[in-house]
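Please read the structure below before turning to the comments.
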Amino acid sequence: MSMGSASGMFRDNEGRWLLGFNKFLGMTSPLFAELCVIYIGLKLAGDNGFEYVQVQSDCHEAVKLLQDHSMVCSCISLVRAIDVYQRKCLVTETIWIPRDGNKPVDSLAKCIASLHSIVLILEQPHDYLWPLLAKDTFASPC
């Protein structure tokens, strides 16, 4: 257990910023934090009319849980809640990516903007994210 936050971002199919979010979680496990990120992200996707969503995570265990076709019966309530939002947002796939594969989100997660338990919505990225977003947008996927 360690201090954690739930941070994520939405980008279009060309890598351009659409929306970001951050929420302070307090003491949590890495798996719970990652599941919170996915849950919050899918809820925001639905709220903002994003119909097709690819979920990317650097947590093998979370990806494995969400790729399981029996997740509707999971003993983890957060996994069952994610399943409901996956069906609403038409999640196209859930994939594992290395932590180095998404430096903008990793950087956002390390810069906790608020110690409140509300979800902070970011319409525009913080200034420190622009160089990371530009580099990540033009990086080769392989």
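No lab work stands behind these numbers, since they all come straight from the coordinates. Please read these numbers as outputs of a predicted model, since none were measured by experiment. Note that we place each Cβ from the backbone using ideal geometry, even for glycine, and neighbour counts take in every protein chain shown.
For n ≥ 4 DSSP H runs only, could you compute -39500 (n - 2.57) per run for the chain, divide by its residues and tell me the 222 nm figure to the nearest 500?
Helix contribution divided over all residues of the chain: -12000 deg cm²/dmol.
Which one, GLY101, ILE38, GLN56, projects farthest toward the positive side of the charge dipole computed for the chain from Cβ point charges (K/R +1, D/E -1)?
ILE38
Assigning unit charges at the beta carbon (Lys, Arg +1; Asp, Glu -1) and nothing else, what dipole magnitude in debye, to the nearest 20, does the stretch 47-138 show about its Cα centre?
Here the stretch 47-138 has a charge dipole of around 140 debye.
Excluding residues on the same chain fewer than 8 positions from LYS43, give the lysines whose Cα lies under 17 Å from its Cα.
Cross-link targets: LYS23, LYS88.
Given the options ILE121, SER7, ILE76, identify the residue whose Cα lies farthest towards the positive end of the charge dipole of the chain (+1 on Cβ of Lys, Arg; -1 on Cβ of Asp, Glu).
ILE76
Tell me, what is the Rg over Rh of the stretch 2-122, with Rh the Kirkwood radius over Cα pairs?
Taking Rh as the inverse mean 1/r over Cα pairs, Rg/Rh reads 0.93.
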